[in-house]
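Asker: The structure's right below; bear with me while I get my questions together.
Since every read-out is calculated from the coordinates, none of them should be taken as a lab result. In this text the structure is predicted, and so the values were computed from the model without any measurement. All Cβ positions, even for glycine, are placed from backbone atoms using ideal geometry, and neighbour counts span all protein chains on display.
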Amino acid sequence: MLKLLLPPLFIFLYSFTLHSFEVTHQVRPGSVYESTALNSACSTMLGTTFSGRCNPALFSYSKDQKVYLSLVGKADGDSIDNGRDLIFDPITEETIRKLLQERNFNSFTFNSELVFKTKYFEIAYSPYYLLADLYIFNPAFPEISIHLVNQETLRLTSGHEFLNNKELTLSIGSSLFYYEHTYSNTIFSLFELSYRKPEELIPFKTLYGVSGDLGFFVDLKRKYLPRLALQMKNIHANRPKVTNTSSTSPLYQETLFLFEPYTTMGIGKGWMTKFGAFDVDFELPFTRYLQTARLKHSMLGARYNLNLFSIFLGVGYYYHNLGLRFDSQNFNVGITYTKESDMGALQPKTEESVYLGVDFIL
């Protein structure tokens with residue numbers, strides 16, 4: 001009981017010195033099911049259908065030329081209902097009071113994409129990348145920190161292999177995307193409901209822009225030497241700023257490794273056996289362009305593939321994933337069980353969640 005009370009109490013006592021807390025998610029913009037199950041620890045896993053999503057430098061080695069619809073998201077009833085109500089429906093007092101009855105932290109993410117993939121490039125249109133984070137603090141006088149996102153993107157991805165001989169493979173790839181980012185990031189107290197309308201408490205803003213990702217991949221082709229990867233994500237992205245509020249508590253949510261520029265370094269290896277293929281990848285993220293390493297957000301991803309069946313494992317300080325995927329001619333289905341802490345050390349209790357992913361091959 002004391003363990004559950006300490007984080008909200010800490011935040012309440014020090015709310016006048018803290019300015020934000022960081023939140024990240026496994027379903028990131030541009031995610032597919034496989035990258036979600038691995039928590040994006042896959043930048044050196046070449047030769048798969050999802051290689052180009054893990055690292056655009058691997059586009060040349062990704063399989064299949066096709067058109068397909070990809071869906072991935074958190075399959076949590078309360079999270080789905082709350083996220084849908086806040087993003088798509090008119091916000092009412094009843095909706096807000098319902099949120100006060102939920103646990104301290106409630107989150108929901110979902111990504112949908114229509115993909116046209118050829119040998120030379122890939123075009124992906126995402127009508128919805130949805131995110132809803134709700135954090136309730138100061139139990140004695142409830143306040144709610146809300147971060148809502150509805151992002152639409154159009155992405156062009158391609159890659160080129162510069163060198164491939166017996167000793168070395170070197171490739172580069174990039175993604176260029178246009179985005180329309182509608183968001184709300186605000187805080188309000190229960191008292192404010194008595195004199196303000198709910199739609200006034202949760203104002204939305206929209207940003208438009210063009211951004212891109214750049215990736216590199218090196219394979220030294222030695223039995224005991226690993227593959228290496230470097231990526232720069234969301235280059236020159238226009239990062240959303242928090243909304244002004246009348247609340248005296250400065251506990252705004254700040255995204256981490258989602259929309260802002262960041263860098264990842266990957267190291268991995270793959271093996272082919274008589275009983276399937278194994279891939280392992282370790283990913284270390286940095287803020288902005290190799291600015292600050294975030295060791296607690298590093299992730300180890302592992303994949304085993306046997307024909308049309310795959311097993312995924314993702315292990316990190318804040319995430320533990322176990323996923324399965326089954327493929328067929330017309331559709332692919334994946335399910336991942338995870339223990340996650342999107343708020344990191346500030347999350348009072350680790351969540352147990354299920355993620356579902358479906359690809360419809362058109």
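Asker: For Lys269, go through the lysines and keep the ones whose alpha-carbon is under 28 Å away, minus same-chain ones fewer than eight residues off.
Answerer: Of all the lysines, those that pass the test against Lys269 - Cα under 28 Å, at least 8 places apart if same chain - are Lys63, Lys66, Lys117, Lys119, Lys166, Lys221, Lys223, Lys233, Lys296, Lys339.
Asker: Turning to a different aspect of this structure: If each residue of separation counts as 0.36 nm, what is the full-extension length gain between Phe326 and Trp271 once their alpha-carbon separation is subtracted? Present the calculation step by step, with values, prior to reporting the outcome.
Answerer: Values: separation 55, 0.36 × 55 = 19.80 nm, distance 2.07 nm.
Using 0.36 nm per residue and subtracting the Cα-Cα distance, I get 17.7 nm.
Asker: To continue, here is another question. For a quick check of your reading of the filter: which trypsin sites (Lys or Arg not before Pro) in segment 309-362 sit in a DSSP loop and have no more than 15 other Cβ atoms within 10 Å? Present the calculation step by step, with values, prior to reporting the outcome.
Answerer: On the way: sites: Arg325, Lys339, Lys349; in loops: Lys349.
Taking segment 309-362 and a limit of 15 other Cβ atoms within 10 Å, the loop trypsin sites (Lys or Arg not before Pro) found are Lys349.
Asker: Further, regarding this structure: Roughly what would the spin-label model give for Leu228 and Glu180, points 7 Å off Cα along C-beta, in nm?
Answerer: For the pair Leu228/Glu180, the computed spacing is 4.2 nm.
Asker: May I pose another question? With a cap of 12 neighbouring Cβ atoms within 10 Å, and only residues DSSP puts in a loop, list the chymotrypsin sites (Phe, Trp or Tyr not before Pro) found in segment 144-242.
Answerer: Values: sites: Phe162, Phe177, Tyr178, Tyr179, Tyr183, Phe188, Phe191, Tyr195, Phe204, Tyr208, Phe216, Phe217, Tyr224; in loops: Tyr195, Phe204, Tyr224.
When the chymotrypsin sites (Phe, Trp or Tyr not before Pro) of segment 144-242 are filtered for loop state and at most 12 Cβ neighbours within 10 Å, Tyr195, Tyr224 remain.
Asker: Which FRET efficiency value, to the nearest 0.05, is calculated for Val333 and Tyr289 with the Förster distance at 45 angstrom and r the Cβ-Cβ distance?
Answerer: Numbers: r = 37 Å, r/R0 = 0.83.
Result of the calculation: an efficiency of 0.75.
Asker: Starting from 0.36 nm per residue, how many nanometres of slack lie between Arg239 and Arg196 once their C-alpha separation is accounted for? Write out the running numbers ahead of the final one.
Answerer: Numbers: separation 43, 0.36 × 43 = 15.48 nm, distance 2.83 nm.
This chain segment gains 12.6 nm when fully extended.
Asker: Applying the Karplus parametrisation 6.51 cos²θ - 1.76 cosθ + 1.60 with θ = phi - 60° to the phi angles of segment 107-121, what ³J(HN,Hα) value in whole Hz is obtained for each residue in order, glycine and proline being reported as x?
Answerer: 9, 8, 9, 7, 9, 10, 8, 9, 10, 10, 10, 10, 5, 9, 7
Asker: Here is a follow-up. May I ask you to derive the FRET efficiency for Lys66 and Asn164 from their Cβ-Cβ distance with R0 = 25 Å, giving the value to the nearest 0.05? Write out the running numbers ahead of the final one.
Answerer: Numbers: r = 24 Å, r/R0 = 0.98.
Taking R0 as 25 Å, the efficiency between Lys66 and Asn164 is 0.55.
Asker: Hey, can you grab everything whose amide H is under 5 Å from the amide H of Leu38? Only 5+ residues off in sequence or another chain; H modelled, so Pro and N-termini drop out.
Answerer: Amide H neighbours of Leu38: none.
Asker: List the GluC sites (Glu not before Pro) within segment 101-197 that fall in a DSSP loop (any state other than H, G, I, E or B) and whose Cβ has at most 12 other Cβ atoms within 10 Å.
Answerer: Numbers: sites: Glu102, Glu113, Glu122, Glu143, Glu152, Glu161, Glu167, Glu180, Glu192; in loops: Glu102, Glu167.
Here the GluC sites (Glu not before Pro) that fit, given the DSSP loop and packing criteria, are Glu167.
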